[in-house]
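The numbers here are math on the coordinates, done by the rules we state, and not lab data. Computed from a prediction, not measured in an experiment: that's the story for all the values here. Cβ placement follows ideal geometry from the backbone for every residue including glycine, while neighbour counts extend to all protein chains displayed.
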Amino acid sequence: MSMLGLTALGGLLGLDGTSVGQFMISRPLVAGVLAGALVGDPLLGGLIGAVFEVYLLVSFPTGGSRFPEGATATVVAVGSSAGLGAEGGGALALAIAVGLAWGHVGGLSISWLRQVNGHIVSRQGRHGGRSPSRVTALQVGAIALDFARAALVVGTGLVVGRAALTAFAPAWPLDMRGSVGLVLVGASVSLGILLRDFGGFRKNRIGFVIGIALGLVGARFL
Amino acid sequence: MKGFLWLRALVATFLRSLLIQGSWNYQTMIGTGFGFSMLPGLRRLFRDRPEEMEAAVERHLEHFNAHPYLASVALGASLRLEAEGDTPETVRRFKTAVRGPLGSLGDALVWATWLPLVSMSSVALYWLGLPGPWAALCFVVMYNTGHVGLRLWGFHIGLDAGRNVAVRLAGMRLTEWTARLRSWGVVVLGVLGGALLGGSGGLGDAGVLWTALAALGFVVGLLVGHQVWRPAATVVVVVIGVLAIWGTVG
């Protein structure tokens, strides 16, 4: 049941990524909480979502660029690790690895879908499909195809991820703290990239250092 | 452009603009979605003139691209041009002229500033101890206040200004607003870094080795930029894979 639910959730969040609304409920933080609630482990969902959110701070659905699909990555990661016991750390680390890989599969599938859409649009143009009903049918059909794409990618990702985690998580050599540290090393690269995007360290050093101090104080007292 | 029927057509056009990227493709980009969004307004304008209606649909299905949120500016302005009876060539030229600026303005304001700013704020709150569902709710509410507001404002300004929309947009000084938001973004980025270092369950708890490696990763990202993201993610996946195999075999 949760597998079907996660697949449907993956399809819906996939739509939000580009096709419908872009309300950003497909961002990892939100997707992680939703997927976690669906599998009965909102804490793990929140943690995986928060880690992916930092990874994907520099990944946006801009124009024709290919980007890793954050919702796919998160739903696959949460669904694959649910019920395996996150306290050992293996479930978390392996889920992040599977999610990162499957996020790229999601990105590739979006490029493929856009090519298919292009063929359909060209064909319709050649056959004079300019009536409002045909235009509406094309648009709705493309959205349905995007839902099917996202659900298929998430569904297969869950099968692969579940098999990988069941095989490897029990013998994972790091504890939970080490596992979180390992995945945050990769995430910290995104923070550096973002500071560069904002103009670099030299230009922003005062604001950045004030922020670090505020973050440390907040972590100490909140 | 007054009256209940027009209002209905405008509301329908705006709601359809939420689906403008539904058929995104490399040939017409969001052109098909643009034509689809224009349909309610065009139906209202050309309800007794089927040939003109078909020609209007055809010209709005042509290649078009812009930031999806700011495409509402072009939608509103194009409806106004059509309602005022401008020539097809004028409408085409207008759309060609605005698509680039609406794309770059939206990318800078939304994708490169607003989204990371709200995302960092919410995820910093999470690492500072706010439960995941509340952090997610904060994100959705904050982000969409700006998102939906921008779409509505864009559609309104497009309808109101028509062909003069570029002048109106220039007067809004959106570039300056973007720069201000980015200054705040730097502080929030620092807060997130501090929260990851000092928050419970973060790098501080993981130990010196992971903190030092994370600092190294941060510096590499800062020095190299976007092209290092994919290799870094690949390294993380490979290291986790090697550790998993090592743990299982060993």
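Values for this structure:
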| item | result |
| --- | --- |
| Flag for B:Trp246 being out of contact with any Gly (no Cβ under 9 Å at 6 or more places or on another chain), more than 19 Å from B:Ala195 (Cβ to Cβ), part of a helix (DSSP H, G or I) and of a type in the set (Phe, Trp, Tyr) | yes |
| Meets criteria (over 18 Å from the mean Cα position of the chain (by Cα), among the polar types (S, T, N, Q) and closer than 16 Å to A:Val135 by Cα) for B:Thr28 | yes |
| Flag for B:Gly31 being closer than 25 Å to A:Ala142 by Cβ and touching a strand residue (DSSP E or B) at 6+ places or on another chain (Cβ under 6 Å) | yes |
| Options B:Val235, B:Val220, B:Val224, B:Val187; residue that is among the hydrophobic types (A, V, I, L, M, F, W, C), more than 26 Å from A:His104 (Cα to Cα), surrounded by 14 or more Cβ atoms within 10 Å (Cβ to Cβ) and free of Cβ contacts under 8 Å to residues at least 40 places away in the same chain | B:Val187 |
| Cβ pairs under 7 Å, 6+ apart, first in the stretch A:95-113 and without any contact (Cβ under 8 Å) to a residue 12 or more places away in the chain and within 13 Å of A:Tyr55 (Cβ to Cβ), second among the acidic types (Asp, Glu) and outside any helix (DSSP H, G or I) | none |
| Answer from A:Val39, A:Val76, A:Val33 - the residue that is surrounded by fewer than 24 Cβ atoms within 10 Å (Cβ to Cβ), at negative phi and hydrophobic (A, V, I, L, M, F, W, C) | A:Val39 |
| Entirely in the stretch B:108-180, the helices (runs of 4 or more DSSP H) that have 3 or more residues that are aromatic (Phe, Trp, Tyr) | B:132-161 |
| Verdict on B:Gly250 being buried (at least 23 other Cβ atoms within 10 Å of the Cβ) and either within 21 Å of B:Met120 (Cβ to Cβ) or of a type in the set (Gly, Ala, Ser) (or both) | no |
| Pick from the stretch B:197-234, criterion among the β-branched types (Val, Ile, Thr) and more than 7 Å from chain A (Cβ to nearest Cβ), ranking: nearest to B:Leu125 (Cα to Cα) | B:Thr211 |
| Given (1) within 29 Å of B:Leu117 (Cβ to Cβ); (2) assigned to a helix (DSSP H, G or I); (3) more than 10 Å from chain B (Cβ to nearest Cβ); (4) not aromatic (Phe, Trp, Tyr), index of the condition A:Arg66 fails | (2) |
| The stretch B:32-52, residues that are over 16 Å from B:Leu159 (Cα atoms), more than 8 Å from chain A (Cβ to nearest Cβ) and crowded, with 22+ Cβ neighbours inside 10 Å | none |
| Any pair with Cβ under 9 angstrom, 6 or more apart, that starts in the stretch A:167-182 at a residue that is over 24 Å from B:Ala214 (Cα atoms) and facing chain B (nearest Cβ under 7 Å) and ends at one that is in a loop (DSSP other than H, G, I, E, B) and not hydroxyl-bearing (Ser, Thr, Tyr) | A:Ala171/B:Gly250 |
| Evaluation of B:Asp107 against (1) crowded, with 16+ Cβ neighbours inside 10 Å; (2) of a type in the set (Asp, Glu); (3) more than 23 Å from the chain's Cα centre (by Cα) (one fails), failing number | (3) |
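Table: residues versus (1) over 23 Å from B:Gly217 (Cα atoms); (2) surrounded by fewer than 22 Cβ atoms within 10 Å (Cβ to Cβ).
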| site | (1), (2) |
| --- | --- |
| A:Leu145 | yes, yes |
| A:Ala163 | yes, yes |
| A:Trp172 | yes, no |
| A:Ser190 | no, no |
| A:Gly200 | no, yes |
